[in-house]
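Visitor: Once you've had a glance at the structure underneath, I'll fire off some questions.
The values are calculated or read from the model by the stated rules, or taken from the named source; none is laboratory data. What you see is a predicted model; the values in this text were computed from it and never measured. For neighbour counting, all protein chains shown are included, and Cβ atoms are generated from backbone atoms with ideal geometry for every residue, glycine included. Surface accessibility is based on the protein's heavy atoms, side chains included, excluding ligands, DNA and RNA. Shrake-Rupley method; radii C 1.70, N 1.55, O 1.52, S 1.80 Å.
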Amino acid sequence: MKMRNQWPVLPVTMGLACVLLTGCSQSNGADGAGSHVVVGMSDDVLATDPASGYDPGSWLLFDNVFQTLLGFPKGGTEPQPEAAKSCSFTDSRTQVYQCTLKDGLKFSNGDPLTAQDVKFSFERTLKINDAAGPAIMFSALGSVQTPDDRTVVFRLKAPDATFPSKIASGAGSIVDHRQYDALGLRKDNQAVGSGPYKLDSFSKNEAVFSINKNYKGTAQVKNAGVTLKFFHGRQPALKQALLDGKVDVAYRGLTTKDIAGLGAQEDTKGIEVVEGSSAEVQHLVFNMDDLVAGKLGVRKAMAYLLDRDALVRDVYQDTATPLYSIIPAGIAGHNTAFFDTYGARPSRAKATAALRAEGITGKVHLTLWSTPSRYGPATDDELKAIAAQLNASGLFQADVESVPFDQYEKDIAKGKYGVYVKGWVPDYPDADNFTAPFFGQGNVLDNRYTNSTITGRLIPRTAAQSDRAATDEEYGQLQDIVADQLPVLPIWQAKQYAVVRDGVYGLEYCLDASTVFRFWELSKS
């Protein structure tokens, strides 16, 4: 997954949140009403400790068990108060951010939640700095001060207007300082938070959640609890469990073929596919130091030959959409730089011209590197289809190699691959999260790409701009530079799906660009 954003210097108030959240309440909104809902997922939850987890499955758990100071309302991309009563930047440089907590906050075990717990949670994440954790999101955080039990002051080392969005994500989860080690990760698979749910049990194959009666926030719980069943990448088993009624909801991990077929065949009547928006993206990444992929003419030729429409139709059964920039559609600042530069239809003539300009007259021999499941079960098939498109032009001799994810990441870090695939599920819905991690300091793509205009001017300017609409010009320039220099080649933007049995409701409120899967919106008749 995952980095920066800016908001007006006006306080975010609970009154505004209630306007945006229908039926807003400061109580848990449920007294055990409704039925227990069973959700199946092929992803794993890699951590129950917020200082460690940085994957979609873990953040699903965090979003439901822990509170954050701010949260994303259903269908919204601007963070609103959750554990906080109000938050705002108190300086014009967006380097001092202050939050006031609500009265009477408690953790699920009854312990009071105060500013001390907030300070402890952020400092703990930074001190532990787990390689698989979200500490990287708070690299700009200098200090956390607590003038009193309800006031938290964040002092940043550099302007960062996206800070409100960062603390609204799973990385901002607040833990009980009495229950967590300040310097070490929790190892008992338990969790103590102040969110709408409490974690009753966590095992290899399932996690069980019940209602947290101490919760005080904006969520109104519409069920009696949730069981999350893990299928460990076994998509056929998840599909069969849905058909057999062993799960009420199938989320993340069904194949595109299954999604396209469910509900449309006689034996799947009573099952509905629910589609939502998503900001998940996938790119081909180029190692700029590679002897082949490092040549701009090769990268341009590939951009001219890529047929995104065919990929999303034939490989993804239209469960994704073609992506023509590094910032996906639906995110403020998006443009269509790759469409404008390379077009939507493949052009062998333009690809040939790009290679000739590079002095290349023979076939380009190239390996596309893949990993089989981390970025979706169809990733290998997708890269094989891309290789076939390149080879059909007569300009390339491309093949595909797929390796397990652990080895894949190590080899990328060592610079062994020239072209490889990367997927990205955003931490928060802002253009910064699709640009700063890829092209700023500490490039998470490990592709040896730097651009002084991006790192020295565009990213700092957008990071310091509290009016996010005012960043469109800078983000447009950034996207145009990337399209021209081609360190990455955007492929597709996902649609988000869940599949439900009859009598289960609320999925449409769980599938939006915030990537927050809201257990509390699920109900079952």
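Visitor: Which condition from (1) polar (S, T, N, Q); (2) open to solvent by 70 Å² or more (accessible area, probe 1.4 Å); (3) under 22 Å from the mean Cα position of the chain (by Cα); (4) at pLDDT 95 or above is the one that S373 breaks?
Guide: (4)
Visitor: Which pairs do you get when a residue that is of a type in the set (G, A, S), found in the stretch 257-278, comes within reach of a residue that is open to solvent by 50 Å² or more (accessible area, probe 1.4 Å) and modelled with pLDDT of 85 or more, reach meaning Cβ atoms under 7 angstrom, with the pair 6+ apart or on two chains?
Guide: From the stretch 257-278, the pairs are A260/Q317; G263/E272; G270/R501; G270/D502; G276/E508; S277/G330; S278/K495.
Visitor: Are any residues in the stretch 177-212 among the hydroxyl-bearing types (S, T, Y) and in a loop (DSSP other than H, G, I, E, B), and if so, which ones?
Guide: To start, the set of residues in the stretch 177-212 that are among the hydroxyl-bearing types (S, T, Y) comprises 180, 194, 197, 201, 203, 210.
Passing the criteria: Y180, S194, S203.
Visitor: Now for a separate question. Taking T367, is it within 29 Å of the chain's Cα centre (by Cα), open to solvent by 40 Å² or more (accessible area, probe 1.4 Å), modelled with pLDDT of 95 or more and closer than 30 Å to G75 by Cα?
Guide: Numbers: within 29 Å of the chain's Cα centre (by Cα): yes; open to solvent by 40 Å² or more (accessible area, probe 1.4 Å): yes; modelled with pLDDT of 95 or more: yes; closer than 30 Å to G75 by Cα: no.
Spelling it out, it is not the case that T367 is within 29 Å of the chain's Cα centre (by Cα), open to solvent by 40 Å² or more (accessible area, probe 1.4 Å), modelled with pLDDT of 95 or more and closer than 30 Å to G75 by Cα.
Visitor: Need the failing condition index for T455 against (1) open to solvent by 10 Å² or more (accessible area, probe 1.4 Å); (2) out of contact with any Gly (no Cβ under 9 Å at 6 or more places or on another chain); (3) β-branched (V, I, T); (4) assigned to a helix (DSSP H, G or I), just the number.
Guide: Single failed check for T455: (2).
Visitor: Looking at this structure, is K422 under 25 Å from K295 (Cβ atoms) and in a strand (DSSP E or B)? Quick ask: steps written out before the conclusion?
Guide: Details: under 25 Å from K295 (Cβ atoms): yes; in a strand (DSSP E or B): yes.
Criteria met by K422.
Visitor: Moving to a separate point now. Does Q441 meet the test of being open to solvent by 10 Å² or more (accessible area, probe 1.4 Å), closer than 22 Å to A135 by Cβ, in a loop (DSSP other than H, G, I, E, B) and not β-branched (V, I, T)?
Guide: Working: open to solvent by 10 Å² or more (accessible area, probe 1.4 Å): yes; closer than 22 Å to A135 by Cβ: yes; in a loop (DSSP other than H, G, I, E, B): yes; not β-branched (V, I, T): yes.
Criteria met by Q441.
Visitor: Right, another one. Of (1) under 28 Å from the mean Cα position of the chain (by Cα); (2) among the aliphatic types (A, V, I, L, M); (3) surrounded by 16 or more Cβ atoms within 10 Å (Cβ to Cβ), A344 satisfies all except one. Which?
Guide: Single failed check for A344: (3).
Visitor: Let me ask something else about it. Every residue in the stretch 77-87 that is open to solvent by 10 Å² or more (accessible area, probe 1.4 Å), of a type outside the set (D, E) and at pLDDT 95 or above, please.
Guide: Initial filter on the stretch 77-87 (open to solvent by 10 Å² or more (accessible area, probe 1.4 Å)): 77-78, 82, 85-86.
Keeping just the survivors that are of a type outside the set (D, E) gives 77, 85-86.
Of everything in the stretch 77-87, those that are open to solvent by 10 Å² or more (accessible area, probe 1.4 Å), of a type outside the set (D, E) and at pLDDT 95 or above turn out to be K85, S86.
Visitor: Separate question: What are the residues in the stretch 402-436 that are under 13 Å from the mean Cα position of the chain (by Cα), surrounded by fewer than 22 Cβ atoms within 10 Å (Cβ to Cβ) and over 17 Å from F286 (Cβ atoms), if any?
Guide: Of everything in the stretch 402-436, just one residue is under 13 Å from the mean Cα position of the chain (by Cα), surrounded by fewer than 22 Cβ atoms within 10 Å (Cβ to Cβ) and over 17 Å from F286 (Cβ atoms), namely V425.
Visitor: Quick check on the stretch 97-115. Is at least one of its residues closer than 30 Å to G333 by Cα and open to solvent by less than 40 Å² (accessible area, probe 1.4 Å)? Working first, answer last.
Guide: The first filter runs over the stretch 97-115 and keeps only residues closer than 30 Å to G333 by Cα, leaving 97-99.
If we keep only those that are open to solvent by less than 40 Å² (accessible area, probe 1.4 Å) too, we end up with 97, 99.
Checked the stretch 97-115: at least one residue is closer than 30 Å to G333 by Cα and open to solvent by less than 40 Å² (accessible area, probe 1.4 Å).
Visitor: Which is open to solvent by 30 Å² or more (accessible area, probe 1.4 Å) and among the hydrophobic types (A, V, I, L, M, F, W, C), of F120, F62, F66?
Guide: Details: F62 fails: open to solvent by 30 Å² or more (accessible area, probe 1.4 Å); F66 fails: open to solvent by 30 Å² or more (accessible area, probe 1.4 Å).
After ruling out the rest, the residue left standing is F120.
Visitor: State all residues of the stretch 132-153 that are modelled with pLDDT of 95 or more, open to solvent by less than 40 Å² (accessible area, probe 1.4 Å) and touching an Asp or Glu at 6+ places or on another chain (Cβ under 8 Å); if no residue qualifies, say none.
Guide: V144
Visitor: Just to be sure I understand the filter: pairs with C-beta atoms under 9 Å, separated by 6 or more residues or on different chains, first member in the stretch 124-145 and farther than 17 Å from A47 by Cα, second member among the β-branched types (V, I, T) and part of a strand (DSSP E or B). Which pairs pass?
Guide: Between residues of the stretch 124-145 that are farther than 17 Å from A47 by Cα and residues that are among the β-branched types (V, I, T) and part of a strand (DSSP E or B), the close pairs are S143/V153; V144/V152; V144/V153; Q145/T151; Q145/V152; Q145/V153.
Visitor: If you don't mind, another one. For the stretch 427-434, does any single residue satisfy the condition of being within 25 Å of G57 (Cα to Cα), touching an Asp or Glu at 6+ places or on another chain (Cβ under 7 Å), assigned to a helix (DSSP H, G or I) and not hydrophobic (A, V, I, L, M, F, W, C)? First the steps, then the outcome.
Guide: Of the stretch 427-434, the ones within 25 Å of G57 (Cα to Cα) are 427-434.
Keeping just the survivors that are touching an Asp or Glu at 6+ places or on another chain (Cβ under 7 Å) gives 433.
So of that shortlist, the ones also assigned to a helix (DSSP H, G or I) come out as 433.
Within this subset, residues satisfying the condition of being not hydrophobic (A, V, I, L, M, F, W, C) are 433.
Taking every residue of the stretch 427-434 in turn, at least one turns out to be within 25 Å of G57 (Cα to Cα), touching an Asp or Glu at 6+ places or on another chain (Cβ under 7 Å), assigned to a helix (DSSP H, G or I) and not hydrophobic (A, V, I, L, M, F, W, C).
Visitor: A further question on this structure: Open to solvent by 20 Å² or more (accessible area, probe 1.4 Å) and at pLDDT below 95: which single residue out of L185, L238, L243 fits that description?
Guide: Details: L185 fails: at pLDDT below 95; L238 fails: open to solvent by 20 Å² or more (accessible area, probe 1.4 Å).
L243 is the lone residue from the list that is open to solvent by 20 Å² or more (accessible area, probe 1.4 Å) and at pLDDT below 95.
Visitor: Can you tell me which residues in the stretch 347-364 are open to solvent by 90 Å² or more (accessible area, probe 1.4 Å) and within 17 Å of L306 (Cβ to Cβ)?
Guide: Hits for the stretch 347-364 are R348, K350.
Visitor: Which condition number in (1) in a loop (DSSP other than H, G, I, E, B); (2) of a type outside the set (S, T, Y); (3) closer than 17 Å to T68 by Cβ; (4) over 27 Å from the mean Cα position of the chain (by Cα) is the one that I174 fails?
Guide: (4)
Visitor: What residue, among those in the stretch 273-292 that are aliphatic (A, V, I, L, M) and over 14 Å from the mean Cα position of the chain (by Cα), is farthest from I259 (Cα to Cα)? Please lay out each step first, then the result.
Guide: The initial filter retains those residues of the stretch 273-292 that are aliphatic (A, V, I, L, M), namely 273-274, 279, 281, 284-285, 288, 291-292.
Restricting the remaining residues to those that are over 14 Å from the mean Cα position of the chain (by Cα) gives 273-274, 284-285, 288, 291-292.
Details: V273: 7, V274: 10, L284: 25, V285: 28, M288: 37, L291: 40, V292: 38 Å.
Restricting to residues being aliphatic (A, V, I, L, M) and over 14 Å from the mean Cα position of the chain (by Cα), the top hit is L291.
Visitor: A further question on this structure: I'm trying to understand the selection: among the residues of the stretch 281-305, which are open to solvent by 10 Å² or more (accessible area, probe 1.4 Å), farther than 16 Å from K350 by Cβ and of a type in the set (A, V, I, L, M)?
Guide: M288, L291, V292
Visitor: While we're on this one: Might you let me know whether the stretch 44-54 holds any residue that is touching a helix residue (DSSP H, G or I) at 6+ places or on another chain (Cβ under 6 Å), at pLDDT below 95 and either open to solvent by 30 Å² or more (accessible area, probe 1.4 Å) or assigned to a helix (DSSP H, G or I) (or both)?
Guide: Within the stretch 44-54 (the criterion being touching a helix residue (DSSP H, G or I) at 6+ places or on another chain (Cβ under 6 Å), at pLDDT below 95 and either open to solvent by 30 Å² or more (accessible area, probe 1.4 Å) or assigned to a helix (DSSP H, G or I) (or both)), the answer is yes, since at least one residue qualifies.
Visitor: Let me ask you something else. Hey, can you tell me all the residues within the stretch 168-182 that are open to solvent by 40 Å² or more (accessible area, probe 1.4 Å) and touching an Asp or Glu at 6+ places or on another chain (Cβ under 9 Å)?
Guide: Going residue by residue through the stretch 168-182, those that are open to solvent by 40 Å² or more (accessible area, probe 1.4 Å) are 177-179, 181.
Those that are open to solvent by 40 Å² or more (accessible area, probe 1.4 Å) and touching an Asp or Glu at 6+ places or on another chain (Cβ under 9 Å): H177, R178, Q179.
Visitor: Please determine whether any residue of the stretch 154-167 is surrounded by fewer than 17 Cβ atoms within 10 Å (Cβ to Cβ), at negative phi, part of a loop (DSSP other than H, G, I, E, B) and touching a strand residue (DSSP E or B) at 6+ places or on another chain (Cβ under 6 Å). Walk me through it before giving the result.
Guide: Filtering the stretch 154-167 for residues surrounded by fewer than 17 Cβ atoms within 10 Å (Cβ to Cβ) gives 155, 157-158.
Cutting the leftovers down to at negative phi gives us 155, 157-158.
Applying the additional criterion that residues be part of a loop (DSSP other than H, G, I, E, B) yields 157-158.
Going one step further and asking which of them are touching a strand residue (DSSP E or B) at 6+ places or on another chain (Cβ under 6 Å), we end up with 157.
Within the stretch 154-167, one or more residues are surrounded by fewer than 17 Cβ atoms within 10 Å (Cβ to Cβ), at negative phi, part of a loop (DSSP other than H, G, I, E, B) and touching a strand residue (DSSP E or B) at 6+ places or on another chain (Cβ under 6 Å).
Visitor: Counting just the residues of the stretch 252-278 that are assigned to a helix (DSSP H, G or I) and open to solvent by less than 20 Å² (accessible area, probe 1.4 Å), which one comes out modelled with the lowest pLDDT? Spell out the reasoning first.
Guide: In the first step, residues of the stretch 252-278 are kept if they are assigned to a helix (DSSP H, G or I); the result is 256-261, 266-268.
Still in the running and open to solvent by less than 20 Å² (accessible area, probe 1.4 Å): 261, 268.
Numbers: G261: 74, T268: 66.
Selected residue: T268.
Visitor: So A329 fits all but one of (1) modelled with pLDDT of 90 or more; (2) surrounded by 23 or more Cβ atoms within 10 Å (Cβ to Cβ); what number is the exception?
Guide: With respect to (1) modelled with pLDDT of 90 or more; (2) surrounded by 23 or more Cβ atoms within 10 Å (Cβ to Cβ), A329 is out only on (2).
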